[in-house]
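The values are calculated or read from the model by the stated rules, or taken from the named source; none is laboratory data. Bear in mind that the values here come from a model prediction, so they are computed numbers and not experimental data. In this analysis, Cβ positions are derived from the backbone assuming ideal geometry, glycine residues included, and neighbour counts consider all displayed protein chains. SASA here: full protein model, heavy atoms, side chains in, ligands and nucleic acids out. Shrake-Rupley method; radii C 1.70, N 1.55, O 1.52, S 1.80 Å.
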Amino acid sequence: MSAIDGLPPLRDVIRDHDLAAKRSLGQNFLLDLNLTAKIARSAGPLDGVTVIEVGPGPGGLTRALLSLGAAHVIAVERDSRCLPALAQIAAHYPGRLTVAPGDALQADWPALLRQVHGDAPARVRIVANLPYNIGTVLLTRWIETEPWPPFFESMTLMFQREVAERIVATPDDPKDYGRLGVLCGWRTEARILFDVPPSAFTPPPKIMSSVVSLSPRSRPLACDAATLSAVTAAAFGQRRKMLRQSLKSLQADPAPLIQAAGLDPTARAETVPVEGFVALAQAWRPQG
Ligand code: SAM
(Lines give C-alpha, C1' and ligand atoms only; values in the text may rest on other atoms or scores of the structure.)
Protein backbone atom coordinates (compact mmCIF):
# COMPACT_ATOMS: atom_id res chain seq x y z
CA MET A 1 0.00 0.00 0.00
CA SER A 2 2.85 2.37 0.72
CA ALA A 3 3.75 2.14 -2.97
CA ILE A 4 0.18 2.97 -3.96
CA ASP A 5 -0.78 5.70 -1.53
CA GLY A 6 2.56 6.96 -0.18
CA LEU A 7 1.51 6.30 3.41
CA PRO A 8 3.75 4.20 5.67
CA PRO A 9 3.44 0.38 5.58
CA LEU A 10 0.86 -0.89 8.07
CA ARG A 11 3.46 -2.76 10.12
CA ASP A 12 5.23 0.56 10.69
CA VAL A 13 1.94 2.26 11.56
CA ILE A 14 1.22 -0.40 14.18
CA ARG A 15 4.73 -0.11 15.63
CA ASP A 16 4.86 3.71 15.57
CA HIS A 17 1.45 4.12 17.20
CA ASP A 18 1.91 1.25 19.62
CA LEU A 19 -1.18 -0.59 18.38
CA ALA A 20 -0.63 -3.99 19.93
CA ALA A 21 -3.90 -5.82 19.24
CA LYS A 22 -6.42 -6.06 22.07
CA ARG A 23 -8.54 -9.18 22.17
CA SER A 24 -11.28 -7.38 24.12
CA LEU A 25 -11.82 -5.12 21.07
CA GLY A 26 -11.85 -8.01 18.59
CA GLN A 27 -8.66 -6.68 17.03
CA ASN A 28 -7.33 -8.89 14.25
CA PHE A 29 -5.71 -6.54 11.79
CA LEU A 30 -5.36 -7.11 8.06
CA LEU A 31 -1.92 -6.16 6.83
CA ASP A 32 -2.06 -7.94 3.48
CA LEU A 33 -2.54 -5.16 0.96
CA ASN A 34 -3.78 -7.45 -1.77
CA LEU A 35 -6.47 -8.67 0.58
CA THR A 36 -7.65 -5.23 1.75
CA ALA A 37 -7.87 -4.22 -1.92
CA LYS A 38 -9.79 -7.41 -2.73
CA ILE A 39 -12.34 -6.70 -0.01
CA ALA A 40 -12.70 -3.07 -1.11
CA ARG A 41 -13.12 -4.11 -4.76
CA SER A 42 -15.76 -6.66 -3.86
CA ALA A 43 -17.97 -3.77 -2.70
CA GLY A 44 -18.20 -2.75 -6.38
CA PRO A 45 -17.14 0.48 -8.08
CA LEU A 46 -16.81 3.12 -5.37
CA ASP A 47 -16.88 6.36 -7.37
CA GLY A 48 -19.48 8.66 -5.90
CA VAL A 49 -20.04 6.26 -2.99
CA THR A 50 -19.81 7.08 0.71
CA VAL A 51 -18.59 4.07 2.65
CA ILE A 52 -19.44 3.46 6.27
CA GLU A 53 -16.68 1.43 7.91
CA VAL A 54 -16.84 0.05 11.45
CA GLY A 55 -13.52 -0.48 13.18
CA PRO A 56 -10.86 0.92 10.82
CA GLY A 57 -8.11 0.11 13.34
CA PRO A 58 -4.76 1.09 11.84
CA GLY A 59 -6.57 1.80 8.56
CA GLY A 60 -5.62 -0.94 6.08
CA LEU A 61 -9.12 -1.37 4.64
CA THR A 62 -9.80 2.37 4.95
CA ARG A 63 -6.78 3.11 2.78
CA ALA A 64 -7.86 0.53 0.21
CA LEU A 65 -11.35 2.05 0.03
CA LEU A 66 -9.96 5.55 -0.45
CA SER A 67 -7.28 4.58 -2.95
CA LEU A 68 -9.90 2.67 -4.96
CA GLY A 69 -11.95 5.84 -5.28
CA ALA A 70 -14.54 5.97 -2.50
CA ALA A 71 -15.84 9.53 -2.50
CA HIS A 72 -15.92 9.52 1.30
CA VAL A 73 -15.34 7.08 4.14
CA ILE A 74 -17.04 7.50 7.50
CA ALA A 75 -15.12 5.31 9.94
CA VAL A 76 -16.30 4.60 13.49
CA GLU A 77 -13.51 3.43 15.78
CA ARG A 78 -13.73 2.71 19.48
CA ASP A 79 -10.00 2.43 20.21
CA SER A 80 -8.63 5.94 20.70
CA ARG A 81 -5.07 4.61 20.18
CA CYS A 82 -5.91 4.32 16.46
CA LEU A 83 -6.98 7.94 16.03
CA PRO A 84 -3.55 9.47 15.25
CA ALA A 85 -2.93 6.86 12.52
CA LEU A 86 -6.38 7.57 11.09
CA ALA A 87 -5.71 11.32 11.23
CA GLN A 88 -2.66 10.73 9.01
CA ILE A 89 -4.87 9.01 6.45
CA ALA A 90 -7.43 11.82 6.66
CA ALA A 91 -4.67 14.36 5.99
CA HIS A 92 -3.50 12.32 3.01
CA TYR A 93 -7.01 12.27 1.51
CA PRO A 94 -8.27 15.77 2.35
CA GLY A 95 -12.01 16.03 2.86
CA ARG A 96 -12.61 12.31 2.15
CA LEU A 97 -12.27 10.61 5.55
CA THR A 98 -14.43 11.37 8.56
CA VAL A 99 -13.39 9.50 11.68
CA ALA A 100 -16.09 9.19 14.32
CA PRO A 101 -14.48 8.08 17.59
CA GLY A 102 -16.75 5.89 19.70
CA ASP A 103 -18.81 2.75 19.93
CA ALA A 104 -20.48 1.63 16.69
CA LEU A 105 -23.31 0.16 18.78
CA GLN A 106 -24.20 3.72 19.82
CA ALA A 107 -23.79 5.22 16.35
CA ASP A 108 -26.61 7.19 14.75
CA TRP A 109 -25.91 6.38 11.08
CA PRO A 110 -28.34 8.88 9.50
CA ALA A 111 -26.91 11.63 11.77
CA LEU A 112 -23.34 10.75 10.74
CA LEU A 113 -24.37 10.84 7.09
CA ARG A 114 -26.05 14.24 7.58
CA GLN A 115 -22.83 15.50 9.17
CA VAL A 116 -21.02 14.76 5.89
CA HIS A 117 -23.71 15.35 3.26
CA GLY A 118 -26.24 17.64 4.94
CA ASP A 119 -29.66 16.81 3.55
CA ALA A 120 -28.31 15.92 0.09
CA PRO A 121 -28.94 12.31 -0.93
CA ALA A 122 -25.91 10.05 -0.74
CA ARG A 123 -25.06 6.63 -2.17
CA VAL A 124 -23.94 4.65 0.85
CA ARG A 125 -22.35 1.22 1.22
CA ILE A 126 -21.20 -0.48 4.39
CA VAL A 127 -17.82 -2.20 4.19
CA ALA A 128 -16.05 -3.56 7.26
CA ASN A 129 -13.84 -6.16 8.83
CA LEU A 130 -16.11 -6.27 11.85
CA PRO A 131 -15.01 -6.86 15.43
CA TYR A 132 -16.27 -10.42 15.91
CA ASN A 133 -17.98 -9.69 19.23
CA ILE A 134 -20.49 -7.15 17.85
CA GLY A 135 -20.78 -8.34 14.24
CA THR A 136 -24.16 -10.06 14.41
CA VAL A 137 -25.71 -7.33 16.56
CA LEU A 138 -24.69 -4.67 14.05
CA LEU A 139 -25.86 -6.78 11.12
CA THR A 140 -29.23 -7.45 12.76
CA ARG A 141 -29.75 -3.75 13.41
CA TRP A 142 -28.84 -2.81 9.85
CA ILE A 143 -31.29 -5.38 8.49
CA GLU A 144 -34.02 -4.21 10.85
CA THR A 145 -33.49 -0.60 9.66
CA GLU A 146 -36.65 1.40 9.01
CA PRO A 147 -37.70 2.64 6.56
CA TRP A 148 -36.86 0.02 3.96
CA PRO A 149 -35.22 0.15 1.38
CA PRO A 150 -32.55 1.30 3.81
CA PHE A 151 -30.01 4.13 3.72
CA PHE A 152 -27.35 1.77 2.26
CA GLU A 153 -27.03 0.13 -1.16
CA SER A 154 -25.11 -2.90 0.05
CA MET A 155 -23.07 -4.41 2.85
CA THR A 156 -19.72 -6.14 2.35
CA LEU A 157 -18.70 -7.55 5.70
CA MET A 158 -16.15 -9.93 7.17
CA PHE A 159 -17.41 -12.46 9.73
CA GLN A 160 -16.18 -15.66 11.28
CA ARG A 161 -16.89 -18.39 8.70
CA GLU A 162 -19.39 -20.07 11.02
CA VAL A 163 -21.41 -16.83 11.29
CA ALA A 164 -21.19 -16.29 7.52
CA GLU A 165 -22.68 -19.76 7.01
CA ARG A 166 -25.58 -18.91 9.30
CA ILE A 167 -26.19 -15.65 7.42
CA VAL A 168 -26.59 -17.33 4.03
CA ALA A 169 -28.25 -20.53 5.26
CA THR A 170 -31.57 -21.84 3.92
CA PRO A 171 -33.54 -24.98 4.82
CA ASP A 172 -31.10 -26.78 2.50
CA ASP A 173 -28.46 -26.22 5.22
CA PRO A 174 -30.41 -27.36 8.30
CA LYS A 175 -27.35 -27.31 10.55
CA ASP A 176 -26.78 -23.57 9.97
CA TYR A 177 -30.31 -22.36 9.24
CA GLY A 178 -31.82 -20.34 12.06
CA ARG A 179 -33.03 -16.90 13.07
CA LEU A 180 -30.15 -15.05 11.42
CA GLY A 181 -30.68 -16.82 8.09
CA VAL A 182 -34.40 -16.03 8.14
CA LEU A 183 -33.80 -12.35 8.92
CA CYS A 184 -31.09 -11.97 6.27
CA GLY A 185 -33.03 -13.96 3.67
CA TRP A 186 -36.17 -11.92 4.29
CA ARG A 187 -34.68 -8.52 3.45
CA THR A 188 -31.46 -9.25 1.58
CA GLU A 189 -29.78 -11.48 -0.92
CA ALA A 190 -26.76 -12.73 0.96
CA ARG A 191 -23.81 -14.73 -0.35
CA ILE A 192 -20.34 -15.68 0.78
CA LEU A 193 -17.77 -14.13 -1.56
CA PHE A 194 -14.55 -15.74 -0.32
CA ASP A 195 -12.80 -17.13 2.73
CA VAL A 196 -9.89 -15.49 4.52
CA PRO A 197 -7.47 -17.76 6.39
CA PRO A 198 -6.24 -16.99 9.91
CA SER A 199 -2.74 -16.32 8.55
CA ALA A 200 -3.99 -13.15 6.82
CA PHE A 201 -4.55 -11.44 10.18
CA THR A 202 -2.29 -10.04 12.86
CA PRO A 203 -2.64 -11.67 15.31
CA PRO A 204 -4.13 -14.73 13.58
CA PRO A 205 -7.52 -15.78 14.99
CA LYS A 206 -8.20 -19.48 15.62
CA ILE A 207 -10.88 -19.75 12.96
CA MET A 208 -11.49 -19.11 9.28
CA SER A 209 -13.22 -15.88 8.25
CA SER A 210 -15.40 -15.08 5.26
CA VAL A 211 -16.43 -11.96 3.39
CA VAL A 212 -20.18 -11.77 2.89
CA SER A 213 -22.12 -9.59 0.47
CA LEU A 214 -25.66 -8.55 1.40
CA SER A 215 -27.83 -6.66 -1.11
CA PRO A 216 -31.10 -5.25 0.15
CA ARG A 217 -34.21 -6.61 -1.56
CA SER A 218 -36.16 -3.59 -2.78
CA ARG A 219 -39.50 -5.26 -2.02
CA PRO A 220 -39.16 -7.85 0.73
CA LEU A 221 -42.39 -9.61 1.74
CA ALA A 222 -44.45 -7.27 3.93
CA CYS A 223 -43.73 -8.06 7.56
CA ASP A 224 -42.90 -6.36 10.84
CA ALA A 225 -39.30 -7.08 11.94
CA ALA A 226 -40.18 -7.34 15.65
CA THR A 227 -43.00 -9.80 14.94
CA LEU A 228 -40.79 -11.89 12.68
CA SER A 229 -38.17 -11.93 15.44
CA ALA A 230 -40.74 -13.13 18.01
CA VAL A 231 -41.94 -15.89 15.70
CA THR A 232 -38.46 -17.18 14.84
CA ALA A 233 -37.42 -17.00 18.51
CA ALA A 234 -40.29 -19.32 19.39
CA ALA A 235 -39.79 -21.70 16.47
CA PHE A 236 -36.00 -22.01 16.69
CA GLY A 237 -36.01 -21.84 20.50
CA GLN A 238 -37.05 -25.49 20.28
CA ARG A 239 -35.77 -26.29 16.82
CA ARG A 240 -36.08 -30.08 17.18
CA LYS A 241 -39.77 -29.85 18.08
CA MET A 242 -42.65 -29.65 15.62
CA LEU A 243 -44.23 -26.23 15.10
CA ARG A 244 -47.42 -27.32 16.86
CA GLN A 245 -45.28 -27.72 19.99
CA SER A 246 -42.61 -25.01 19.66
CA LEU A 247 -45.12 -22.26 18.86
CA LYS A 248 -46.98 -22.86 22.13
CA SER A 249 -44.65 -20.25 23.59
CA LEU A 250 -46.42 -17.74 21.31
CA GLN A 251 -49.96 -18.85 22.07
CA ALA A 252 -51.48 -21.71 24.03
CA ASP A 253 -53.06 -23.31 20.96
CA PRO A 254 -50.94 -22.49 17.92
CA ALA A 255 -52.95 -24.70 15.52
CA PRO A 256 -55.06 -21.83 14.07
CA LEU A 257 -51.92 -19.71 13.60
CA ILE A 258 -50.09 -22.52 11.79
CA GLN A 259 -53.12 -23.14 9.62
CA ALA A 260 -53.52 -19.43 8.80
CA ALA A 261 -49.88 -19.40 7.69
CA GLY A 262 -50.49 -22.42 5.46
CA LEU A 263 -47.84 -24.51 7.23
CA ASP A 264 -47.68 -28.14 8.28
CA PRO A 265 -48.08 -28.39 12.09
CA THR A 266 -45.66 -31.33 12.14
CA ALA A 267 -42.90 -29.35 10.34
CA ARG A 268 -39.77 -28.37 12.27
CA ALA A 269 -38.41 -24.81 12.16
CA GLU A 270 -35.33 -25.80 10.19
CA THR A 271 -37.50 -26.97 7.26
CA VAL A 272 -39.63 -23.82 7.03
CA PRO A 273 -38.50 -21.33 4.37
CA VAL A 274 -38.38 -17.57 4.93
CA GLU A 275 -41.80 -17.17 3.29
CA GLY A 276 -43.29 -19.52 5.89
CA PHE A 277 -41.96 -17.45 8.79
CA VAL A 278 -43.22 -14.26 7.16
CA ALA A 279 -46.65 -15.89 6.80
CA LEU A 280 -46.55 -16.79 10.50
CA ALA A 281 -45.56 -13.22 11.41
CA GLN A 282 -48.39 -11.86 9.28
CA ALA A 283 -50.92 -14.21 10.91
CA TRP A 284 -49.83 -13.86 14.55
CA ARG A 285 -51.66 -11.42 16.78
CA PRO A 286 -50.12 -11.25 20.26
CA GLN A 287 -52.78 -12.17 22.81
CA GLY A 288 -53.56 -10.67 26.17
N1 SAM B 1 -10.37 -2.69 9.83
C2 SAM B 1 -9.14 -3.11 10.48
C3 SAM B 1 -8.48 -4.19 9.66
O4 SAM B 1 -9.17 -4.78 8.81
O5 SAM B 1 -7.29 -4.44 9.86
C6 SAM B 1 -9.40 -3.62 11.89
C7 SAM B 1 -10.44 -4.73 12.02
S8 SAM B 1 -10.52 -5.45 13.64
C9 SAM B 1 -11.21 -7.02 13.25
C10 SAM B 1 -11.92 -4.66 14.41
C11 SAM B 1 -11.80 -3.18 14.72
O12 SAM B 1 -13.01 -2.75 15.33
C13 SAM B 1 -10.70 -2.79 15.67
O14 SAM B 1 -10.02 -1.67 15.18
C15 SAM B 1 -11.43 -2.43 16.98
O16 SAM B 1 -10.75 -1.47 17.77
C17 SAM B 1 -12.72 -1.90 16.45
N18 SAM B 1 -13.86 -1.99 17.37
C19 SAM B 1 -14.09 -2.95 18.32
N20 SAM B 1 -15.25 -2.73 18.94
C21 SAM B 1 -15.78 -1.62 18.37
C22 SAM B 1 -16.96 -0.87 18.60
N23 SAM B 1 -17.86 -1.26 19.51
N24 SAM B 1 -17.19 0.22 17.86
C25 SAM B 1 -16.29 0.62 16.91
N26 SAM B 1 -15.15 -0.04 16.65
C27 SAM B 1 -14.88 -1.14 17.38
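Counting only residues at least eight positions apart within a chain, or on another chain, the lysines with an alpha carbon under 17 Å from that of LYS241 are LYS175.
Contact order for the stretch 1-140, expressed relative to its length and based on alpha carbon pairs under 8 Å spaced 6+ residues apart, stands at 27 percent. Within the straight-line cut-off of under 20 Å between alpha carbons, the aspartates and glutamates reachable from LYS22 are ASP12, ASP32, GLU53, GLU77, ASP79, ASP103, sequence neighbours fewer than 8 places apart in one chain being disregarded. Fully extending the segment from LYS175 to GLU189, taken as 0.36 nm per residue of separation minus the present Cα-Cα distance, adds 3.1 nm. Among GLN88, VAL163, HIS72, which residue has its Cα furthest toward the positive end of the charge dipole of the chain, with +1 on Lys/Arg Cβ and -1 on Asp/Glu Cβ? Final value for the positive-end residue is VAL163.
Share of the stretch 2-216's accessible area from carbon and sulfur, percent, 1.4 Å? Each step should come with its number before you reach the end.
Values: 4920 of 9380 Å².
Taking all protein chains in place, the stretch 2-216 shows 52 percent carbon and sulfur surface.
Of the trypsin sites (Lys or Arg not before Pro) found in the stretch 191-247, those that fall in a DSSP loop while having at most 10 other beta-carbon atoms within 10 Å are LYS206, ARG240.
Summing -39500 (n - 2.57) over the DSSP H runs of n ≥ 4 in the chain and dividing by its residue number, what mean residue ellipticity at 222 nm do you reach, to the nearest 500 deg cm²/dmol? Please list the in-between numbers first.
Numbers: 13 runs with 106 residues, N = 288.
Calculated mean residue ellipticity at 222 nm is -10000 deg cm²/dmol.
Over the C-alpha trace of the stretch 216-288, radius of gyration and Dmax come out as 11.4, 36 angstrom. Computed about its Cα centre, the charge dipole of the chain is approximately 500 debye, with only Lys, Arg, Asp and Glu carrying charge at their Cβ.
Dividing the mean sequence gap of close Cα pairs (under 8 Å, 6+ apart) by how many residues the stretch 134-274 holds gives a relative contact order of 24 percent. Overall shape: prolate for the chain, with the ratio a/c of the largest to smallest alpha carbon gyration tensor axis at 1.5 or above and a/b above b/c. Relative to the Cα centre, the charge distribution of the stretch 225-283, modelled as +1 at Lys and Arg Cβ and -1 at Asp and Glu Cβ, gives a dipole magnitude of about 260 debye. Pairs of Cα atoms nearer than 8 Å and 6+ residues apart set the relative contact order; for the chain it is 15 percent.
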